[in-house]
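As structure tokens, the structure follows; a few thoughts come after it.
The values are calculated or read from the model by the stated rules, or taken from the named source; none is laboratory data. All values derive from a computational prediction rather than experimental measurement. Here the Cβ positions follow ideal geometry from the backbone for every residue, glycine too, while neighbour counts run over all protein chains shown. To get the accessible areas, we keep the full protein, side chains included, count just its heavy atoms, and leave off ligands, DNA and RNA. Shrake-Rupley method; radii C 1.70, N 1.55, O 1.52, S 1.80 Å.
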Amino acid sequence: MTEDSSDAQIKALKRPADDTHTETEYEDKKLKTDQDERKYPKKKVALLMAYSGKGYYGMQRNAKNSQFRTIEDELVTALVRAGCIPEGHGDDMKKMSFQRYAPVHHLNVLKLAGYKRVTGGFNSKNNCDARTYSYMLPTVSFSPKDYNQEDTSFCLSSETLQKVNCLFGLYKGTHNFHNFTSQKGPRDPSAKRYITHMSCGEPFVRQEAEFAVITVRGQSFMMHQIRKMIGLVIAVVKGYVDERVIERSWGEDKVDVPKAPGLGLVLERVHFGRYNKRFGGDGIHETLEWTEEEEAISAFKDKHIYPSIVETELHEKSMVNWMATLYIHDFEATATGNQERKVAVSATGLTSRGN
């Protein structure tokens, strides 16, 4: 026996009684680490999610500030808990190739309604070729301007609904919507947008007040575009301006277009027509259509989204308060016209002072 082995035996004899427990803990820890670092095959999937931002601080996650919970915080927590992603990937969303498409609107409920496998190169934003939004509002929005805007007993007539839909129909096709957003000039090519459908559905009653849902589908939308499209139609129906203002708003002149309240605007669906045509029938990937989930989605909206919008509108009166400001808009004036009027007023003022 060598001196080294004798020393080893002596050290072994002097080892504390709880050293075996410590060594076992080390082995368990090492095994857990090995399991955590094991590489599992990754598959990219598209998630269908129903949610609302009410009570949250927006959608996008800020891992450095967990004090203010967002929708993505809830989503990542649920994915980790379900074992869909490793816990370490929850701290760095780039590790799971996370992609977001659209903003959140109103609700404190999160529901994963479905998922489908997609190609490795799938991008939720770039592969989207159309979007469908809805906008829920009280039908008193379409009452005459001299009507009591707080009268919740108002009922939308079939004639007025028909007029509303005729006006919404004018938006169909490709138009220059530079007046329906900010920081876009009339000659900016990106201001041209393609609308395929826009209509208002039949009215219904919620909490003794009548509401309706407007649906609009287009290739893409700019910030505030939908709210301004709706705001301008409301102004026309109420009698503040002639319907010719809609076509005039697509011209080069700057037109004062009112922006309807944000409450009630919901992203309903993101369409992937070209992706479905190319990959939906390859035998590996499914089309990104959610027909089987329609019933669950509709039930979710009826239970959570619509009641939230109705309750908030009746309590805060965002639409009523906004309609009270419509009279201040000068729908007939353009940027050029305003400038001409200012010059005329200044000239008149100078003449008056000269007299």
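Overview of results
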item: Proportion of all alpha-carbon pairs of segment 195-327 beyond 23 Å (%); result: 48 percent
item: Charge context of T181, other residues only, Cβ under 11 angstrom, K/R +1, D/E -1; result: +4
item: Mean separation of Cα contacts under 8 Å (6+ apart) over length of segment 188-332, as relative contact order %; result: 22 percent
item: For segment 128-144, 3J(HN,Hα) per residue [Karplus equation, 6.51 cos²θ - 1.76 cosθ + 1.60, θ = phi - 60°, Hz, x = Gly/Pro]; result: 6, 10, 6, 9, 10, 10, 10, 9, 9, 8, x, 5, 4, 4, 9, 7, x
item: Amide H contacts under 5 Å for Y194, placed H, 5+ residues apart; result: Q219, S220
item: Segment 245-292 - percent of accessible surface contributed by carbon and sulfur, probe 1.4 Å; result: 48 percent
item: Burial order of peptide ranges 195-205, 221-231 (average beta-carbon count within 10 Å, highest first); result: 221-231, 195-205
